């Protein structure tokens with residue numbers, strides 16, 4: 001499946017599934033769901049996205065990408081550690097029942113154990129559509145592969161963030177000054193990026209402001225959304241990629257969920273642009289999916305509550321397999 005095909009297949013959520021989830025919540029008692037605040041708004045949204053009112057989110061995958069260049073340090077060590085489930089990230093992945101898929105986008109790099117190689121030819125400076133298309137298509141193909149493997153929830157992050165490009169994209173999309181979204185040298189670099197081409201269209205923004213990770217993640221998000229899979233961006237780069245896909249296809253926003261508000265004005269602006277309803281306002285800045293992984297237990301608790309409070313006789317399982325322990 002190509003990126004263009006994936007965009008054309010993204011549809012609005014199922015109103016029948018969303019209404020079934022609301023009816024189920026009403027039968028359980030509205031007081032309990034009102035007490036949960038924003039968390040109680042998620043069941044109908046997730047049910048409409050997945051077209052399944054049972055909230056089957058047990059199989060999830062963390063996708064971490066990495067590419068060198070653009071003035072960033074080599075991210076391959078972080079990518080290798082994520083793929084090997086080492087350290088705190090490995091513990092978090094195991095405890096949340098989350099798989100991990102590392103994708104190395106650096107051309108000419110040596111293979112890493114447990115990491116997919118998807119090299120992308122990328123030069124410093126302005127890109128053109130002929131080089132963007134392979135990145136978008138490879139990402140959409142990966143989203144299709146995740147669906148074929150039975151994945152139900154996808155977390156997207158990058159091991160090599162580019163804060164000045166995230167700030168520049170957030171400034172262009174929200175019509176704000178970079179000085180309001182960042183400070184110091186980062187604001188100066190973001191302002192310099194914005195002087196190249198003043199446009200708010202999808203491909204010109206990718207050509208001038210994006211990184212290989214953003215373009216690839218944009219393709220993955222489109223491929224997942226085309227298969228009614230919820231997408232959870234983590235970190236500024238993933239939020240920027242999600243905002244770009246939402247710019248091209250507004251229907252994508254119904255499949256995109258922001259479990260954490262992130263940190264900094266740029267991340268907050270992108271979450272607002274995505275109409276996100278963050279569950280955890282922790283302000284994490286760890287990257288590689290840590291922010292969403294810290295919020296997944298809340299989503300698991302919501303799923304457990306959704307199933308355990310069902311009236312008898314219950315056509316749904318009383319205890320789903322994706323409960324956090």
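Annotations for the structure displayed:
- Filtering 90, 102 for residues that are farther than 30 Å from residue 131 by Cβ and either at pLDDT below 85 or not in a helix (DSSP H, G or I) (or both) leaves a single hit, 90.
- Annotation note: Cβ proximity below 6 Å between a residue of the stretch 293-319 that is within 18 Å of residue 234 (Cα to Cα) and a residue that is at pLDDT 60 or above (sequence gap 6+ or interchain) occurs for 293/92; 293/96; 295/259; 295/260; 295/279; 295/280; 296/96; 298/279.
- Checking residue 130 against (1) in a helix (DSSP H, G or I); (2) in contact (Cβ under 8 Å) with a residue 40 or more places away in the chain; (3) over 21 Å from residue 224 (Cβ atoms), the condition it does not meet: (2)
- Candidate set: the stretch 57-76, residues that are farther than 23 Å from residue 215 by Cβ and not in a strand (DSSP E or B); chosen: the one modelled with the highest pLDDT: 59
- Verdict on residue 16 being assigned to a helix (DSSP H, G or I) and either closer than 14 Å to residue 229 by Cβ or at pLDDT 90 or above (or both): yes
- Hits in the stretch 225-240 (condition: over 8 Å from the mean Cα position of the chain (by Cα) and under 20 Å from residue 147 (Cα atoms)): 225, 226, 227, 228, 229, 230
Yes or no, residue by residue, for (1) surrounded by fewer than 20 Cβ atoms within 10 Å (Cβ to Cβ); (2) over 15 Å from residue 142 (Cα atoms); (3) touching a strand residue (DSSP E or B) at 6+ places or on another chain (Cβ under 9 Å):
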position	(1), (2), (3)
174	yes, yes, no
213	no, no, yes
219	no, no, no
225	no, no, yes
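- Restricting the stretch 94-111 to residues that are surrounded by fewer than 19 Cβ atoms within 10 Å (Cβ to Cβ), in contact (Cβ under 8 Å) with a residue 24 or more places away in the chain and farther than 18 Å from residue 142 by Cα leaves a set whose member that is nearest to the chain's Cα centre (by Cα) is 97.
- Residue match in the stretch 135-156 (condition: over 27 Å from residue 46 (Cα atoms), in a loop (DSSP other than H, G, I, E, B) and in contact with a helix residue (DSSP H, G or I) (Cβ under 7 Å, 6 or more places away or on another chain)): no
- Taken together, the residues in the stretch 150-190 that are free of Cβ contacts under 8 Å to residues at least 24 places away in the same chain and within 19 Å of the chain's Cα centre (by Cα) amount to 0.
- On inspection, residue 133 fails the criterion of being buried (at least 16 other Cβ atoms within 10 Å of the Cβ), closer than 30 Å to residue 13 by Cα and either at pLDDT below 80 or under 18 Å from the mean Cα position of the chain (by Cα) (or both).
- Which listed residue is free of Cβ contacts under 8 Å to residues at least 40 places away in the same chain and closer than 24 Å to residue 236 by Cα, from 22, 60, 72, 86: 86
The values are calculated or read from the model by the stated rules, or taken from the named source; none is laboratory data. Since the model is a prediction, treat every value here as computed from it, not as a measurement. When we count neighbours, we look across all protein chains shown, and the Cβ atoms used for this are built from the backbone with ideal geometry, even at glycine.
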